[in-house]
Structure formats: structure tokens, C-alpha cells
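Trainee: Starting off with a structure, shown below.
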Amino acid sequence: MSDATEEAGASESFADIFGASERSSFKEGEIAKGKVLSIDNDFVQIDIGFKSEGMIAAWEFMTEEGVTTIAVGDTVEVLVEEVESEDGLLVLSKEKAERLKVWDEISNAYDNEEAVEGTIVARVKGGLSVDIGVKAFLPGSQVDLRPVRNLEALLGEKASFKIIKFNKRRGNIVLSRRALLETERKKMREATLTTLDEGQILDGVIKNLTDYGAFIDLGGIDGLLHITDMSWGRINHPSELFQVGDEIKVKVLKFDQEAERVSLGLKQIQPDPWIDAGMRYPLGMRIQGKVVSLTDYGAFIELEPGIEGLVHVSEMSWTKRVKHPSKVVTIGDEVEAVVLDVDERDRKISLGMKQIEENPWTVIEDRYPVGTQVSGQVRNITNFGIFVGLEEGIDGLVHVSDISWTEQIKHPSERFEKGDEVHAVVLKIDKENEKFSLGIKQLEPNPWEDILKKYTVGSEITGPVKSVTDFGVFVQLEDGIDGLVYSSELAAERVENPAEHFTDGQEVTALVVKVDANEQKISLSIRAVNDKAERAALKEIAEQQSSSQTTTLGDLLAEKLKGQE
């Protein structure tokens, strides 16, 4: 077929499509329909029914990959830029036609408040750039119902938007996704409120997490799932169970229609684990569980989800004095314990860890009979004695009065330091109160048996003043043995300030007026040395064997006076 014939066929075809009357009615700036006549590497020839054909650059009909999207004979819409250029050509543009068409569609959508589709393509200052055929601006505040921190995560997403500002002359378009979501949420809210009722089990989506609970989107209306209603077990923070966006089933616990407040529960959908807990955990049962919480008074052990038992610090060890549970266990430890008590009504289970092992105090008498000599290190020193460690957790107390037969010890630290090795004798074991009494002085014979014979009442002694106090004077009788002369016994008349009359090392002579082996005390009297009546009374006391060590001079004189009366 000749070129003339092809052109004639094309013209006839165009006339059939558009009509001959349109051939001369084109104006610059209008969109016209044309037929593709030919395609080469550089240009596409278009016939719009004008006296001459137009040429459009081939790249306007190619994809980003360079693939041509049209074929000869296709009908396309183009923009008439110039009816007749300086070169006498018809200037057309497919790209500008599409852009103009898009602006018209956007204008119509804005006027009719219709949504437009677009793709988020870039992060820009203050928001996002969206491709809706042309570039439009989506402010950050209009992206969602709630603020979105990571806007970059939305790049590449397709969505529907409402045009809230439009200026074609300036090429300014502002979009809002939030406006569409609010409209949709309002419709869902109205539908949900008409059907919502207490006791319902609904599907929801975690919308937000706080320290005290989670807000659940029920469909246009939010409900609060409090942390105490999430699980029968212990939860420190809702994030332990949920993440924003999780879908869950919840039960409506309370619905205030006027305030539009909804309280939700999750654990209420599941059976209460405390029902028949006493049957599942009988007294004496050995259990294993995980330490989930520590307090000053004990450790909470999870036996199963929703069931926790308390091991009090007093139930952690038979022998150790546990000041804080963290000294024995840490959170996350798997421990073994024994059920001591179950209170289903108050939801409490008491556990004991020390009951797993035998109580050493039940057999301690077999290992340490009274009178047994033992050795150990000083673990603690107090004002009333020293604690000697015999084995792990077993300490014996040596009271300050059981350290020496003769020496007056004001504080045990005068004789001992922590870590000192000591020898002692078992004096008493109190299993019920878990007390162990030891004595050091009992390793040696009681010298007071000889002292009673050596220092009889009425006998005269001479010795140096060892110390002077406000209430009297101590006289050294021998190493470790002192006698006390009270202020009233220093002279015929009471001496108010002994320091004015006596000094350390001064030799004095006195009479023994009382010997108390139990208290390990010897009372002396300087006044009685020159008093014949008192000497005679003391001699009589010494002869009375039944009361020689407990009756004082004053007692006997009082009896004599009474007899004389």
C-alpha cells in the first residue's frame, strides 16, 4: 500500500472517530484526542484531525524502565500547546495533558469533598509528601488520629486522603488522612454504642499502653482494660503481655452510656484459679515455683498463673536470721517449698522453704549434750556476751557472767575480738526458742568453794585499795578477787566522798561482813574493825552455819535488838 493510501486510511479512520467538524476547532491550551500514526526512537506522530500532525517526544510514552506504553493506532489524549509554531508545526504534549487532567480531577474532588488516592513518597519539613498525580503536602498532625512519631515508617504506603486546602494557581494542595479516619470512627462509634452492653465479649485492638492499663479500640469507642483485670497473676506493666496493635478478646465489665466510659476485663474470661486452690495445694505438699516479687518481709512464689504463695523471712532458714529475702533468693529463681496454709477467701497461701530440710534444733541435743566441751570462733560481741559459732547457723551464747569466776567484766570486748577461737562447755539448750547457752568459766573448778572457806564472815583482811567509786572502795584480796567497802562501812559516820579519804594502792584493814558465792561478791567493813559489838555479831554469824553466807550484820543486830525489847 502507498503512503498516500495509508494517510487516506488514517484520515478516514480519524474522521470516523471524531467527525470532520472537529478538524479546525482546536485551541491552544485545550485537551484533544488523537491517533498514533507512527512511533520511532525519538518521536511519536499524532493525528488530532488538524491540517498537520503533531510530534511528541517518545519518552513521554515510556515507563521508568524505558518500555513504550502505546502502539500505532492507539487513541491518546494530548494538550494542544501551539496550533502553529514558528516552524509551522502542531505542538502537542501528552504529559501536560495528563497533568491538566489530574488538576481538574483534584479540583472536582475538592469541590465535592471526595477522597483521593495517593502514595506517601517522601518525608518533608512538617509532614509528608504524597503523590496523588501531582505532589501534595500531608501535615504531620493530619496523618492519624494520634500523633505519629516515626513518619518515615509510612513511606511507600498507599491511602485515601481528603483535600482540605486547594489552590491551583499556586499549585498548593494540603491533604488530611485524619479527617477521613474521624468520619469513619464516628460512624463506627454510633454503631458500637447501639449494641454495647455489660457482660459482652468483644474483639478489640490495643490502642495505647500506660502504667495502669491498656486502652482498647472496640470500634469507634475506647475502653480501659485496667492492669488488675488483665490476669489473675501478677503483672508489673501491661507491656509484659501486650503491644500496641495486638488484637484481643475482652469482656465489658461496666458501661456508662452517658459518659461513654467502658471498663473491660480479660481475666474474667478465664476461670478463677483460686477456686478449689485448697484441694490442689493441700497442707504439707511440696511445690516448685518461680520467685516473682520480693518485699521486706518475704518472697512471693508463683505456683501457677494467678496463684502466688508467700515465703515469710522467718520460714526461709532454720538457723540463719534472714534480715531480707534478697539474701536468700532473687527474682526469677526456681525454688522448692512446702505448703503451710491456704486461705481461699483472702487468696493467700503461706509457704515454707526451711521445711524442705530437717530442723537441726530437733537433734541438736544429741550432738551437743549438756556438759560437752565445744570449740568455735567468736561471730558477734554484744554488751551481754559473745556468740560462738559451732556450725553453720548454730551459735552459742556465752553470757558475760559465764566468762570468768572471779573477774568483773564490764564488756566482753575487753577480752575477745571477732574471729577469736574459744573453748566452752554446753550449759543449756532451749529447742523451742532455739537458744544455745555456753560457759567458759565452767571449764575450770569454781574457786568460790575455796573462797567461802578462806574468807569467812568476821575474818580480818588487809589489802591495797584497787579503785575508788562514789559508792565505796574496792579492796584487792588476791588476783581476781576484790572486796567492796560501801560508803556506809568506811567509818563510824557515812563518808559522802570516798575519794577524799582513800587513794589507789592505799593499804586498808577490814572485816568480812558477807560472802555471796552466787553473786561472786565479798562485802567488807572498815568501820567494824574497831567496833567490838560488831565484831562479836560477825563472829556469831560465822558460827551459824545455816545462814552464814546469806545473813548480814544488819540482819543479826536487828534480831538482837528485837530480842532485847
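The values are calculated or read from the model by the stated rules, or taken from the named source; none is laboratory data. Note that the structure is predicted; figures quoted are calculated from it, not measured. Using ideal geometry, Cβ is built from the backbone for each residue, glycine included, and neighbour counts are taken over all protein chains shown.
Trainee: Can you run down the residue pairs with Cβ atoms below 7 Å, 6 or more apart or on separate chains, where the first is in region 488-514 and assigned to a strand (DSSP E or B) and the partner is at pLDDT 90 or above and surrounded by fewer than 18 Cβ atoms within 10 Å (Cβ to Cβ)?
Mentor: Close Cβ pairs (under 7 Å, with a partner that is at pLDDT 90 or above and surrounded by fewer than 18 Cβ atoms within 10 Å (Cβ to Cβ)) amount to 507/462; 507/464; 509/462.
Trainee: Answer yes or no as to whether residue 235 is assigned to a loop (DSSP other than H, G, I, E, B) and either in contact with a strand residue (DSSP E or B) (Cβ under 8 Å, 6 or more places away or on another chain) or of a type in the set (A, V, I, L, M, F, W, C) (or both).
Mentor: Judged against the criteria, residue 235 is a match.
Trainee: Across region 135-147, what is the total count of residues that are surrounded by 15 or more Cβ atoms within 10 Å (Cβ to Cβ) and part of a loop (DSSP other than H, G, I, E, B)?
Mentor: Residues in region 135-147 being surrounded by 15 or more Cβ atoms within 10 Å (Cβ to Cβ) and part of a loop (DSSP other than H, G, I, E, B): 1 in total.
Trainee: A follow-up question, please. Please go through region 25-80 and pick out each residue that is surrounded by fewer than 19 Cβ atoms within 10 Å (Cβ to Cβ), of a type in the set (Gly, Ala, Ser) and either touching a helix residue (DSSP H, G or I) at 6+ places or on another chain (Cβ under 7 Å) or not in a strand (DSSP E or B) (or both).
Mentor: Within region 25-80, 25, 29, 52, 58, 66, 71, 73 meet the criteria.
Trainee: Looking at 352, 371, 309, 332, can you tell me which residue is at positive phi and either modelled with pLDDT of 90 or more or not assigned by TED's automatic domain parsing to the domain that holds residue 428 (or both)? Write out each step before concluding.
Mentor: Values: 352 fails: at positive phi; 371 fails: either modelled with pLDDT of 90 or more or not assigned by TED's automatic domain parsing to the domain that holds residue 428 (or both); 309 fails: at positive phi.
The unique qualifying residue is 332.
Trainee: Quick one: in region 149-170, which of the residues that are loosely packed, with under 14 Cβ neighbours inside 10 Å and not charged (D, E, K, R) is farthest from the chain's Cα centre (by Cα)?
Mentor: By that ranking, first place goes to 167.
Trainee: Going by the structure shown, is residue 402 touching a Phe, Trp or Tyr at 6+ places or on another chain (Cβ under 9 Å) and not assigned by TED's automatic domain parsing to the domain that holds residue 518? Step through it out loud before you land on a result.
Mentor: Values: touching a Phe, Trp or Tyr at 6+ places or on another chain (Cβ under 9 Å): no; not assigned by TED's automatic domain parsing to the domain that holds residue 518: yes.
Here the answer is no, as residue 402 does not meet what is asked.
Trainee: Next question. I'd like the residue in region 270-299 that is in a loop (DSSP other than H, G, I, E, B) and at pLDDT 90 or above and, out of all such residues, is farthest from residue 362 (Cα to Cα). Quick ask: steps written out before the conclusion?
Mentor: From region 270-299, those in a loop (DSSP other than H, G, I, E, B) are 270-276, 281-285, 296-297; that's our starting set.
Next cut, at pLDDT 90 or above only: 281-285, 296-297.
On the way: 281: 27, 282: 25, 283: 21, 284: 19, 285: 21, 296: 28, 297: 26 Å.
If we take residues in region 270-299 being in a loop (DSSP other than H, G, I, E, B) and at pLDDT 90 or above, then 296 is farthest from residue 362 (Cα to Cα).
Trainee: Considering region 300-328 alone, what residues qualify as being outside any helix (DSSP H, G or I), under 17 Å from residue 356 (Cβ atoms), in contact (Cβ under 8 Å) with a residue 24 or more places away in the chain and not polar (S, T, N, Q)?
Mentor: Within region 300-328, 301, 303, 309, 310, 311, 312, 316, 318, 320, 328 qualify.
Trainee: Let me ask something else. Given 432, 365, which one is within 30 Å of residue 336 (Cβ to Cβ) and assigned to a loop (DSSP other than H, G, I, E, B)? Quick ask: steps written out before the conclusion?
Mentor: Working: 365 fails: assigned to a loop (DSSP other than H, G, I, E, B).
Of the residues listed, the single one that is within 30 Å of residue 336 (Cβ to Cβ) and assigned to a loop (DSSP other than H, G, I, E, B) is 432.
Trainee: Still on this structure, I have one more. Give the residues of region 343-385 that are within 21 Å of residue 325 (Cβ to Cβ) and among the hydroxyl-bearing types (Ser, Thr, Tyr), sorted by residue number.
Mentor: Within region 343-385, 350 is the sole residue that qualifies.
Trainee: Which one of these is surrounded by 14 or more Cβ atoms within 10 Å (Cβ to Cβ), β-branched (Val, Ile, Thr) and within 30 Å of residue 413 (Cα to Cα): 311, 322, 335, 292? So that I can check it myself, show each step before the final result.
Mentor: Values: 311 fails: within 30 Å of residue 413 (Cα to Cα); 335 fails: within 30 Å of residue 413 (Cα to Cα); 292 fails: within 30 Å of residue 413 (Cα to Cα).
Just one listed residue meets the conditions, 322.
Trainee: If residue 128 passes every condition in (1) under 19 Å from residue 181 (Cβ atoms); (2) not in a strand (DSSP E or B) but one, which one does it miss?
Mentor: Going through the list (1) under 19 Å from residue 181 (Cβ atoms); (2) not in a strand (DSSP E or B), residue 128 breaks only (2).
Trainee: If you take the residues of region 246-265 that are at pLDDT below 85 and in a loop (DSSP other than H, G, I, E, B), which of them is farthest from residue 309 (Cα to Cα)?
Mentor: So the residue we want is 258.
Trainee: Identify all residues within region 183-209 that are free of Cβ contacts under 8 Å to residues at least 12 places away in the same chain and under 17 Å from residue 252 (Cα atoms); write none if there are none.
Mentor: 194, 195
Trainee: So residue 460 passes all but one of these: (1) surrounded by fewer than 19 Cβ atoms within 10 Å (Cβ to Cβ); (2) within 29 Å of residue 386 (Cβ to Cβ). Which condition number does it fail?
Mentor: Going through the list (1) surrounded by fewer than 19 Cβ atoms within 10 Å (Cβ to Cβ); (2) within 29 Å of residue 386 (Cβ to Cβ), residue 460 breaks only (2).
Trainee: Give me the residue from region 236-276 that is surrounded by 12 or more Cβ atoms within 10 Å (Cβ to Cβ) and in contact (Cβ under 8 Å) with a residue 60 or more places away in the chain and, out of that set, nearest to residue 222 (Cα to Cα).
Mentor: Among residues in region 236-276 that are surrounded by 12 or more Cβ atoms within 10 Å (Cβ to Cβ) and in contact (Cβ under 8 Å) with a residue 60 or more places away in the chain, the one nearest to residue 222 (Cα to Cα) is 262.
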